Structures are given as C-alpha cells and as structure tokens.
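Asks: Sharing a structure below in structure tokens format, with a few things to ask.
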Amino acid sequence: MLLLYPLFATLFFTTFFFLLCLTKQRKNEPFHPPPGPKGIPILGNLHQFDASKPHVYFAELAKTYGSILGLQFGRVPVVVVQSAKLAKEVLQTQDLNFCNRPTFVGMQKLSYNGLDIAFTPYNEYFREIKKISVVHLLNSKRVESFAHIGQEEVLRMMNKISDISSASKVVNLSEVLMSFASSNICRIAFGKRYEDDGKSRSRFHSLLNDAQAMFIATFFSDYIPFGGLLDMLTGRSSKLEQTFKNLDAFYEEIINDHIDPNKPLSEHEDIIDVLLHLRKERSFQLSLDHIKAVLMNIFVAGTDTSAVMVVWAMTELMRNVDKMKKVQEELRNIATENKDLIKKRDLQSSNTLKQL
C-alpha cells in the first residue's frame, strides 16, 4: 500500500476512473442512467472510447457531464465516477453492492470460471477461499517463513545492480525489478526460480505476457450480440484458448513436481505444498482446478505489479529530490547500525519512508 500511494493519489482522486458494469437491475424499478454522450445502435459509445488513455477520455467527459456520467458499451451499461466523494460512496459505503466484477470472457476462462480469489463473485465460495488464503496462505507465521526468500532475492538484485554499475552500464530498473519480483514470487509459490535458466525464463515471461494480454483484451462477445463469431474470425478466441492451454500445462507441471514421491525434501513449504495439503485434509473440497485458479492469481498479480509499484515509488522520489536525499540519509544511518543487512523491522525508524 505504501508504494501504491503515489499512483492512487495522482490518478484516482483526480482523473482516474472507476467503471461499474451494471449487469443487474431490480425488477419493477426503473433505471435512470446519469447523463452522458449519446451512442449509436449496437455499439453504444464503444466507437468513442479511447482505450489507450481512458483517464484522459473520462476527464474530458467530466467537464461536460460532471463527476458521474453514464455510457453504453455495446449491451453493457456503464457508470463512471470521478471524485473522491463518489469513490468513497462506491468503494466503502456501498461496497457490498459493487464488489462483484463483471464476467468478461478472458477473465472467466483464465480463472477456471471464477474459481480463483480475484474474479469469483461475492458468495459462500468466495468467503471460504478467502478464509483459506488468510488463515493458511498469508498468516503471519507463514509470511515470516518466507522472509528468508525475500532477503536472498534482494541481495541477489543488489549484487546485480552493483555489477552493472561497476561496468559503467545503464541499469534498467524495470527489468531488474521484474526479475526480482518473479524470482521472489516463484520461490514462495512454486518453490523454484526461473531466472537462472534462459529457456525457463523465456517461457515464464512469455506465459506472463500472454496472460496479461488476455485479461485486458477486448472480446466482442463481452459487448455485442453474436460477438463470439467475430472473436473467432479475428483469432481472439483461438488465442485465448491457446493461452489457457499453455498456462494449464504450466500449472500441471508444477503440481506434478510437488506430488512426485521422489521429489527432494524441502525445509520450507511453498504455497503449492500448503494447497495440496489442504486438499487432502479439509472438508472443503479443493480440486486441482481450484488450486490452478489460485496459482493464476499469484502468478499474474504477484509479479509485475510489485515491480511497477517500486518503479512508481522510485519515480516519485526522483521527482522530489529533497525527499529522496532524506530517505537515503535515514537508510544509511540504519545501515551503519546494522552492517550486514537492513531488515523490514529496521525500517520502522525511517519516518520519511513511512510518509511515502
């Protein structure tokens, strides 16, 4: 949350938007959409939407229609809110009414029809899978058991930066942080690294890029009648199916490695070990598809998001040189007191870092 603040502060409360797809409407209750630009039959406002700069597009519309406006994306009615007050109303006051995500084709396919944590509807299954996550996967004891992995990967990253700098080469921070994040999350979730082997690293990043592309891809069937035919003709459906098969094979390999009776014993359980153990012990029926769906969340959401957050934080520091120098001074003082390694608990004394 610390590193997300610059992004949310600058975008969310000024020009960032919150899309709400109103897929359900109470019976016998008329729907009065907020004002917005007129659309055309079948497409609605899709032909006007600028997907490359949505925050700019909605900010321009807000000048005409105000901080809450209505659009029609094909057959899907959409409401956009663009103020802190309305955002609080939607995300906090009325959170139970707006907590469900729309069921888009790409999300449904890659989440095994909503068996994951991020895209499943708010229902009994969601409460159960969230409980498993909080109690068994992300409890304080489990997180502490993963601490050594983070420390090792940070040291590896710092040594890499040092080597590049010593050779008087430019450090690609995004690339270095992506390598760190993927190694960290893969060791925690899967019990292995993919960055050391060139072939495995290439496959890993290719799968990640394909998955992210499918999550944000626009499918005609999400918005217009008979759109599935257009998805087939344009190759979107086949691309999604191939991506799903590749990811499923990847998850299957990892799970098979963990259930192999001849696999070397490990001192620490990774997340797959925990999920497979729960599958045997718990009354709640966890299938392999449930486990794969949770792995998808970890695989997709736990890699580049972490790297992007750090890049945003570093960018904000470089834009505020005085703050950056103050943080550097505090960290150097901490490093003097703890010569071997700065740990998470040591950062509690850095007031400037907390403010970021």
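Asks: Of all residues in region 230-241, which are surrounded by 13 or more Cβ atoms within 10 Å (Cβ to Cβ) and within 17 Å of residue 107 (Cβ to Cβ)?
Replies: Hits for region 230-241 are 231, 236, 237, 239, 240.
Asks: Determine whether residue 244 is under 22 Å from the mean Cα position of the chain (by Cα), of a type in the set (Phe, Trp, Tyr), modelled with pLDDT of 95 or more and assigned to a helix (DSSP H, G or I).
Replies: Taking the combined requirement at face value, the residue satisfies it.
Asks: Just name the residue that is nearest to residue 305 (Cα to Cα) out of those in region 193-223 that are outside any helix (DSSP H, G or I) and at pLDDT 90 or above.
Replies: 219
Asks: Also, I was wondering about something else. Out of (1) within 27 Å of residue 124 (Cα to Cα); (2) surrounded by 13 or more Cβ atoms within 10 Å (Cβ to Cβ); (3) among the basic types (Lys, Arg), the odd one out for residue 280 is which?
Replies: Status for residue 280: all satisfied but (2).
Asks: Which of (1) surrounded by fewer than 12 Cβ atoms within 10 Å (Cβ to Cβ); (2) of a type in the set (Lys, Arg); (3) modelled with pLDDT of 90 or more is the odd one out, the single condition residue 53 does not satisfy?
Replies: If we test residue 53 against (1) surrounded by fewer than 12 Cβ atoms within 10 Å (Cβ to Cβ); (2) of a type in the set (Lys, Arg); (3) modelled with pLDDT of 90 or more, just (3) comes out false.
Asks: A further question follows. Looking only at region 310-356, count how many residues are more than 22 Å from residue 180 (Cβ to Cβ) and at pLDDT 85 or above.
Replies: Matching residues across region 310-356 total 8.
Asks: Give the residues of region 91-148 that are more than 25 Å from residue 221 (Cα to Cα), among the aromatic types (Phe, Trp, Tyr) and under 18 Å from the mean Cα position of the chain (by Cα), sorted by residue number.
Replies: 126
Asks: Within region 294-316, which residues are touching a helix residue (DSSP H, G or I) at 6+ places or on another chain (Cβ under 7 Å), hydroxyl-bearing (Ser, Thr, Tyr) and surrounded by fewer than 19 Cβ atoms within 10 Å (Cβ to Cβ)?
Replies: Within region 294-316, 306 is the sole residue that qualifies.
Asks: When you go through (1) buried (at least 20 other Cβ atoms within 10 Å of the Cβ); (2) more than 26 Å from residue 108 (Cα to Cα) one by one for residue 291, which number turns out not to apply?
Replies: Failed condition: (2).
Asks: Then there's this: Return only the number of the condition from (1) of a type outside the set (A, V, I, L, M, F, W, C); (2) without any contact (Cβ under 8 Å) to a residue 12 or more places away in the chain; (3) closer than 20 Å to residue 182 by Cα; (4) not in a helix (DSSP H, G or I) that residue 262 does not satisfy.
Replies: (3)
Asks: Might you check whether a residue that is touching a Phe, Trp or Tyr at 6+ places or on another chain (Cβ under 8 Å) and among the small types (Gly, Ala, Ser) occurs anywhere in region 168-186? Let's see the steps before the verdict.
Replies: Filtering region 168-186 for residues touching a Phe, Trp or Tyr at 6+ places or on another chain (Cβ under 8 Å) gives 182-183, 185-186.
Remaining after also requiring among the small types (Gly, Ala, Ser): 182-183.
So far as region 168-186 goes, yes, one or more of its residues are touching a Phe, Trp or Tyr at 6+ places or on another chain (Cβ under 8 Å) and among the small types (Gly, Ala, Ser).
Asks: I've got another one for you. Answer yes or no: is there a residue in region 110-124 that is surrounded by 15 or more Cβ atoms within 10 Å (Cβ to Cβ), closer than 20 Å to residue 46 by Cα and at pLDDT 90 or above.
Replies: Scanning region 110-124 turns up no residue that is surrounded by 15 or more Cβ atoms within 10 Å (Cβ to Cβ), closer than 20 Å to residue 46 by Cα and at pLDDT 90 or above.
The values are calculated or read from the model by the stated rules, or taken from the named source; none is laboratory data. On a predicted model such as this, the values are computed, not experimentally measured, just so you know. Positions of Cβ are generated from backbone atoms using ideal geometry, with glycine treated the same way; all protein chains shown enter the neighbour counts.
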